[in-house]
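Below you will find the structure I want to go over with you.
The values are calculated or read from the model by the stated rules, or taken from the named source; none is laboratory data. Owing to the predicted nature of the structure, the values given are computational and were not obtained by experimental measurement. Quick reminder, even Gly has a Cβ in these numbers, built from the backbone with ideal geometry, and neighbours come from all protein chains shown.
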Amino acid sequence: MSEACAAVIERFRSVPAAGSLYAVYWQLLNPASGKILKKLGFEADGNRSLLEEYDVESATGIRRFELWRLEKAPAAQRARIAEEVSIKLGHLESEGISSADENLDAILKLIGDDDEAQGLQPVVEAALRHGGETPGLALLRYPAPAAT
């Protein structure tokens with residue numbers, strides 16, 4: 001990612017009057033991306049709601065994808081993926097894309113009802129709440145190129 005971002009920034013700097021470049025990333029799920037972007041010169045500029053970045057149809061598609069990802073998760077990764085999916089669906093719920101009840105029901109249905117799944121329910125519920133209380137996307141801006 002570092003090399004790709006550096007190439008984009010180099011090209012961006014060569015465009016006269018380009019304005020600012022911005023990037024967003026899932027704040028709770030991918031802090032490493034934020035670190036890389038900051039190393040490259042991006043500066044934190046608050047948060048961005050999912051509906052500022054995506055339209056409702058795309059956000060709904062994110063929900064479908066995340067549930068599919070959980071459904072296909074290997075047993076060894078199910079707990080981690082269930083928590084990640086729950087955080088994202090919590091973000092979606094906070095923006096009115098889906099409801100807390102339908103998210104919880106969908107996730108619990110996918111993780112099943114064995115002993116391991118029963119142990120995951122509190123994790124899923126906490127992650128849904130955490131995702132709902134925390135803005136989904138961190139916003140970073142790269143300063144506009146200096147006028148020449």
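Could you say which residue among GLY90, GLY19, GLY46, GLY96 is at pLDDT below 90 and not polar (S, T, N, Q)?
None of the others qualify; the one that does is GLY19.
Pairs under 6 Å by beta carbon, first residue in the same structural domain as ALA126 (by TED's automatic domain parsing) in the stretch 66-83, partner charged (D, E, K, R), six or more apart or different chains?
That search, which allows pairs on different chains as well, returns GLU66/LYS88.
Let me ask something else. Of all residues in the stretch 37-61, how many are part of a helix (DSSP H, G or I) and surrounded by fewer than 18 Cβ atoms within 10 Å (Cβ to Cβ)?
10
Still on this model: Kindly establish whether ARG69 is modelled with pLDDT of 95 or more, surrounded by 18 or more Cβ atoms within 10 Å (Cβ to Cβ) and not hydrophobic (A, V, I, L, M, F, W, C).
No, not satisfied.
Go through GLU10, GLU57 for me and flag whichever is farther than 30 Å from ASP101 by Cβ and not aromatic (Phe, Trp, Tyr).
GLU10
Taking the stretch 111-134 as the region of interest, how many residues are modelled with pLDDT under 80 and either buried (at least 16 other Cβ atoms within 10 Å of the Cβ) or in contact with a Phe, Trp or Tyr (Cβ under 9 Å, 6 or more places away or on another chain) (or both)?
Matching residues across the stretch 111-134 total 1.
Another question, then. Could you list all residues from the stretch 1-30 that are free of Cβ contacts under 8 Å to residues at least 12 places away in the same chain and surrounded by 12 or more Cβ atoms within 10 Å (Cβ to Cβ)?
Of everything in the stretch 1-30, just one residue is free of Cβ contacts under 8 Å to residues at least 12 places away in the same chain and surrounded by 12 or more Cβ atoms within 10 Å (Cβ to Cβ), namely ASN30.
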